[in-house]
Structure formats: structure tokens, C-alpha cells
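Read-outs: derived from the displayed coordinates by stated rules, not from any lab. Quick caveat: nothing in here was measured; it's all calculated off a predicted structure. Positions of Cβ are generated from backbone atoms using ideal geometry, with glycine treated the same way; all protein chains shown enter the neighbour counts.
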Amino acid sequence: HRDLHSFPTRRSSDLPTPLPPLREIRFFAAGFGLGVGPGERLYATRDGGETWQETAPNGTARPTWRAILVTGASTASVLERGREGALYSTDDAAQTWAKVGSGEQLATGCSPRFFGTELRWRMGCDGVLQRTENGGANWQAVGPFGYPSLFGIEFADATHGWALHAHGALRTIDGGANWRRFDAPDGEELIAGSLVSADTGWAL
């Protein structure tokens, strides 16, 4: 086991690069951000996107990435597309990385996602929502749902939350242990939402 600062940043070049053709980005405020670019390589910016550098934990051979989550001005987590779905974290704006834990065994085309603004919720390959209480070292399934196409999840407090799916929403009042289904009027498709309190929210 190595500490967080034992993994040097690996870059394709020592010089900053212009904006690569990114397909996904996550930012915190106006400075630190991560993006996934060509070949599913991971890029970092620390100046609001003016310059980018490829970054990866040392010891990962040509890694590719499936999910990224920026949680603070210098902290982030990334999920590798490799066979074990390894999770890595940084606390110095992607200068160094440390392996936190592993995900589920991956299937071809698997694309799990993180939800929220902190490392707590993840949607697995089979549509099951998973929760972590220790920074991603271990995950526990909550549900089951039967809705692989969740669009988002948001909590008003520690116990009250909503998850949006294609034709409605799921509500929990016990921190995700149990969920109740609510269908959208006339079977309309929901694509986004915002929760402002335990009982009040909007869906688009």
C-alpha cells in the first residue's frame, strides 16, 4: 500500500496542451477541472480550461476512464474502465493519485455514472444504484429499481431524496434503503430535475 502522494502524475507531455476534443468535463468553481478526451484519456486543467495536461495514476498501462467526479477545488475521483473498475482519488488537483478501491466486474460497454457533488452515489452497469460511506473503498447496492436509465439523484437531507428515471421518479425517506415510485403525468419523459427541500422540487 502507498500513501496518496506516492503516485506521480503521468503526462503525454511536460508542456500544457490546448483544449483537446473532450467528450465529458467536470469542474469545481472556475479553476480545477477534469475531462475525458480521445481514446478515453484523462485530462486536467487548473486554470479554468485555458490549458490541459494528460494525467493518470502511475502504474496504469494506457488507462481509459469511465466516470469522473470533481468534488472540490483540488479533490476528485475517477473510475477506470479496466477489468476491475479501479477507483482513484486526488487531493492536489490531479498532481498525484491514489487507488481507493475497485468497482464491480465490468461488462463490455459498461458505463456506470456518479451522481451528486460528492463521492457517495454511483449507478452500476445493471442499473442498480450503489452507495459508499467510506470514499469509494466499498459499495452497497440500494434498491432494487428495475430502471437502468436513471437521469439523476438528489437529496434534500440525509434521508429524503429523489431519483429520476425515464417516465417518473423514485422517492426515498430513509436514506435510500427503500424507494417509492411516482409516474409522470401522461407517461411523459423526464430528463432533469432539481430538489429544493424534502417535499418540493421540479422536473423537466
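Table for the structure above
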item: Sequence-distant residues sharing a close amide H with residue 184 (under 5 Å, placed H); result: 168, 169
item: Neighbourhood net charge (9 Å Cβ-Cβ; Lys/Arg +1, Asp/Glu -1) for residue 76; result: 0
item: Net charge of Cβ neighbours under 14 Å - reference residue 31; Lys, Arg +1; Asp, Glu -1; result: -1
item: For region 87-93, 3J(HN,Hα) per residue [Karplus equation, 6.51 cos²θ - 1.76 cosθ + 1.60, θ = phi - 60°, Hz, x = Gly/Pro]; result: 10, 10, 9, 9, 10, 9, 6
item: For residue 67, distant residues with modelled amide H under 5 Å away; result: 79
